[in-house]
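Since every read-out is calculated from the coordinates, none of them should be taken as a lab result. Keep in mind that what you see is a predicted model, and the values were worked out from it rather than measured. For neighbour counting, all protein chains shown are included, and Cβ atoms are generated from backbone atoms with ideal geometry for every residue, glycine included.
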Amino acid sequence: MIDDMKLDPNQAFTTPRWYIPRMVERHDGREGDTLLINGKENPLITVHAGQMERWRFINASSARYFLLHLEGREFKIIGTDGGLLEQARTVKEVLITPGERMDIVAGPFVEGETFALESLPYNRMTFLKAKRQTFATVKVSTAKPSLAHLPELLRKIEPLAAPEAPASRTIKLSVGPSLKHGMNFLVNNDMHVQDQPVQVGELQIWEIHNASLMDHPFHLHGFFFQVIDENGKAPAYRAWKDTVNIPPRSRVKIAWMPDNRPGTWMYHCHIIEHHAAGMMGHFEVVNGSKADTHPPSGHTHHH
């Protein structure tokens, strides 16, 4: 569980008192210098040499973009917000934005080595510049035989729609001036919007257009989606997600199916300060028939 806190020298929570620092926090989101993994500062994580472990990362911070790095060691991504990928992907780093989850397979490592579990700088176009930071220390102890088995095919993900499927809705994220706060965060040029309803069992193709000059992690409550298009290109792999990063001046298309859970749902930017400053929308899921469908991944969704 990745988090951070903004503390003063007496370890008390701080809130910006003056206009400019308040505006910077509203713009950037709240990031602190006290870095936490599972509520602890720089914990020691011990693993046995020769073994693989499954680590699930949850970015629970308000605004911190976490670019996971194990000091250059390779690891495998096996799952995202909505469960397993189709196949493991070997990488040396992966971006986990606020609200996102990521399952990796770490190891096997060499006996006796120690390395940092760290975040590399990621420029999400904020006033404050990102730094390379250590969140935990990994220590590799005595060798043990591996218990893990990683199949070639983790599961099959059926595509919901082709990348060129026309959008049924466009959601524009932007920033506008505010006399009181310096800036407001907008959805379709408005704050805290009431969006159009969606019908149970009717495929949704939403295009999220980030017209602003900073990144926004877009989060859909209660439903998993597939990213089908990023700026006119199909994504590198299929996954079930409920949070996706939308870089500045870019367009991402998502496909999802409202199952039979009528009621009021919402979407928002998962930088909590942007959400509070207006970048969110409500919509109704309405039931026209007795469609009996289930979430695609077999995962329930908790908030």
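Leu213 versus Tyr237, label points 7 Å from Cα toward the beta carbon: distance in nm?
Here the modelled spin labels are 3.5 nm apart.
Can you tell me which lysines have their Cα less than 30 Å from the Cα of Lys180? Leave out same-chain residues fewer than eight positions away.
Lys6, Lys129, Lys172
Fully extended, how many nm does the chain gain between Glu202 and Thr15 (0.36 nm per residue separation, minus their Cα-Cα distance)?
On the way: separation 187, 0.36 × 187 = 67.32 nm, distance 4.43 nm.
Residue separation times 0.36 nm, minus the Cα-Cα distance, leaves 62.9 nm.
Below 11 angstrom from the Cβ of Gly182, what's the summed charge of the other residues (Lys, Arg +1; Asp, Glu -1)? Each step should come with its number before you reach the end.
On the way: positive: Arg22, Arg26, Lys180; negative: Glu25.
Net charge in that neighbourhood comes out at +2.
For region 156-223, which trypsin sites (Lys or Arg not before Pro) are both in a DSSP coil and crowded by at most 12 other Cβ atoms within 10 Å? Show your work: numbers first, answer last.
Numbers: sites: Lys156, Arg169, Lys172, Lys180; in loops: Lys156, Lys180.
Those that pass, being in a loop and sparsely packed, are Lys156, Lys180.
Bin all alpha-carbon pair distances of region 203-262 at 10 Å intervals from 0 and give each bin's fraction as a whole percent.
Histogramming region 203-262 at 10 Å steps yields 23, 55, 19, 3 percent.
Given H placed 1.01 Å from N in the peptide plane, which residues other than close sequence neighbours of Leu67 have an amide H under 5 Å from its amide H?
Under 5 Å from the amide H of Leu67: Ile96, Leu120.
Would you be so kind as to identify which of Phe223, Asn188, Pro262 lies farthest towards the positive end of the dipole of the chain, taking Lys and Arg as +1 and Asp and Glu as -1 on Cβ and the Cα centre as origin?
Asn188
When 1/r is averaged over all different Cα pairs and the result inverted, which Kirkwood radius in Å belongs to the chain?
Working: mean 1/r = 0.0483 Å⁻¹.
In the chain this quantity evaluates to 20.7 Å.
Mind listing the Cα extents of region 95-165 along all three principal axes, in Å, largest one first?
Here the spans come out as 52, 42, 16 Å, largest first.
Report the gain in length on full extension from Thr137 to Ser250: 0.36 nm times residue separation, minus Cα-Cα distance, nm rounded to one decimal.
Details: separation 113, 0.36 × 113 = 40.68 nm, distance 3.58 nm.
The span from Thr137 to Ser250 would gain 37.1 nm if fully extended.
With runs of 4+ DSSP H residues as the only contributors, calculate the mean residue ellipticity of the chain at 222 nm using -39,500 (n - 2.57) per run, divided by the residue total and rounded to the nearest 500. Spell out each step's value before the answer.
Values: 2 runs with 15 residues, N = 303.
The per-residue figure over the chain is -1500 deg cm²/dmol.
What are the residues whose amide H is under 5 Å from the amide H of Leu117, where those residues sit 5 or more places off or on another chain and H is modelled from the backbone?
Answer set, sorted by chain and number: Phe135, Ala136, Thr137, Val138.
Give the Kirkwood hydrodynamic radius (Å, one decimal) of region 2-143, defined as one over the mean of 1/r across all pairs of different Cα atoms.
Numbers: mean 1/r = 0.0612 Å⁻¹.
When all Cα pairs of region 2-143 are included, the Kirkwood radius is 16.3 Å.
Given the options Ala161, Ala277, Ala12, which has the most mean-square fluctuation in a GNM of the chain, springs set between C-alpha atoms less than 10 angstrom apart?
Ala12
So how far, in whole Å, is the C-alpha centre of region 25-91 from the one of region 173-227?
26
Would you mind estimating how fast region 147-303 diffuses translationally, via Stokes-Einstein at 4 °C and 1.567 mPa s with the Kirkwood radius over Cα pairs, in µm²/s?
Details: Rh = 16.6 Å.
This corresponds to a translational diffusion coefficient of 78 µm²/s.
For region 233-250, take each phi angle, set θ = phi - 60°, evaluate the Karplus expression 6.51 cos²θ - 1.76 cosθ + 1.60, and give the result in whole Hz per residue in order, putting x for glycine and proline.
10, 5, x, 5, 7, 8, 7, 8, 9, 10, 9, 9, 7, 10, x, x, 6, 10
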